[in-house]
Protein chains: 2
Amino acid sequence: MPRRHDPERRQRIIDAAIRVVARAGIAGLSHRSVAAEADVPLGSTTYHFTTLDDLMVAALRQANEGFARVVAAHPALSDPESDLPGELARVLGAWLGGDRTGVELEYELYLAALRRPALRPVAAEWAEGVGALLAARTDPVTARALVAVLDGICLQVLLTDTPYDEAYAREVLTRLLPAPGTRDGRGPGSLPPPTAG
Amino acid sequence: MPRRHDPERRQRIIDAAIRVVARAGIAGLSHRSVAAEADVPLGSTTYHFTTLDDLMVAALRQANEGFARVVAAHPALSDPESDLPGELARVLGAWLGGDRTGVELEYELYLAALRRPALRPVAAEWAEGVGALLAARTDPVTARALVAVLDGICLQVLLTDTPYDEAYAREVLTRLLPAPGTRDGRGPGSLPPPTAG
DNA sequence: ATCCCATGTGTACGAGCGTACATAACGGGG
DNA sequence: CCCCGTTATGTACGCTCGTACACATGGGAT
């Protein structure tokens, strides 16, 4: 009977919960399924997370860092000289183009806030975080709009099985920038050749 | 033992399913809960809808007509002389401002397509329907962009408990229109006073 | 060294679930 | 009028679930 006194038990349960949601969705999340995935007894998951909501809050907060990691991997996003819409479209492509389970996982937890008020503050944290990042390059209103359209494009891709079109995303994001196209000298309306399907 | 031979049994089950989802969410949807809500025996729901996915497809398809009804109630949307962003923002306000359970219901079924491939064609139908409506006023690319940003704004409102800001929505939608602001004579970039942070 | 409590473990209960299936009523076609 | 397939009904099985709770354990404070 090993592993009495396991200081990182709680963290390992969160990791297991994320793997469970990635594999089976929120519908497959239960104290038992997480316990099995983490290889701990049932009582251990109920002890650390009395409610499944508690567990989801912890999982969503940790999953959000996944997107933050993708953003951090594209430092050009913070470079004031770079083409903001182009960079955003590229980052989105990198996120959506990789393993779809990662995106599904984050979105499933994110969207679960619709019915679970406990998750809403965490969802708001994420939106505010991305918004703050973008606000540094434009202004708060535009930043919120960019976040909204990023969300909307992701939804269309994930919900309707449409492939992601990076050129389309860049065009839409470009139109959202406030001033009449003076920011990067490239006026809106001229679609570059589609570099991504 | 009344109601042997009930020709509209199937439809009444769909209506009951929608009420169940509106009240308890998809997590509360089961053959039994629907049977209780529709006041029919358990065997009746399993007979007409072998799988819960079947039931959800029928419910989502019927729920989509709810939004279509809101759109139909604003004929100005189809008037080529009207201010498209303004009308869209108004329609969205009417939808979000009413009983929130209706919006939650439709979005919950819509978002369920993320994990249930059976729902994806129905979700795509909805997006294409709204897109076609808007394409008649602009062009297909802009129409898709408008749908995306409408979705994104709804998500932000529903998921983060932020109140809906119609002026903000109008501003964002205006920026999405293709040509340099010649469509309605109102150029982008002039922000109305920020009524929400 | 001892005590105490946060942490870990095993088991049981009652409820709800999808599913299967044997049977009953109905009503249109013969 | 009768017959038969579609529709409707009731019940039961096996499973998973959240929850509760009694008991074991071990390390930090004293």
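Looking for something farther than 17 Å from A:Leu158 by Cβ and touching a residue at least 12 places away in the same chain (Cβ under 8 Å) - is there at least one such residue anywhere in the stretch A:92-103? Break it down stepwise before answering.
Let us first name the residues in the stretch A:92-103 that are farther than 17 Å from A:Leu158 by Cβ, namely none.
No, the stretch A:92-103 has no match at all.
Return the total of residues in the stretch A:25-40 being on the phi < 0 side of the Ramachandran plot, more than 9 Å from DNA strand D (Cβ to nearest atom) and open to solvent by 30 Å² or more (accessible area, probe 1.4 Å).
Within the stretch A:25-40, residues that are on the phi < 0 side of the Ramachandran plot, more than 9 Å from DNA strand D (Cβ to nearest atom) and open to solvent by 30 Å² or more (accessible area, probe 1.4 Å) number 2.
Check the stretch B:149-171 and report whether any residue there is more than 10 Å from every other protein chain (Cβ to nearest Cβ), assigned to a helix (DSSP H, G or I) and open to solvent by less than 10 Å² (accessible area, probe 1.4 Å).
So far as the stretch B:149-171 goes, no, none of its residues is more than 10 Å from every other protein chain (Cβ to nearest Cβ), assigned to a helix (DSSP H, G or I) and open to solvent by less than 10 Å² (accessible area, probe 1.4 Å).
The values are calculated or read from the model by the stated rules, or taken from the named source; none is laboratory data. Everything numeric in this text was worked out from a predicted model, so none of it was measured. Using ideal geometry, Cβ is built from the backbone for each residue, glycine included, and neighbour counts are taken over all protein chains shown. The protein model used for the area step is the full one, side chains on, heavy atoms only, and it has no ligands, DNA or RNA in it. Shrake-Rupley method; radii C 1.70, N 1.55, O 1.52, S 1.80 Å.
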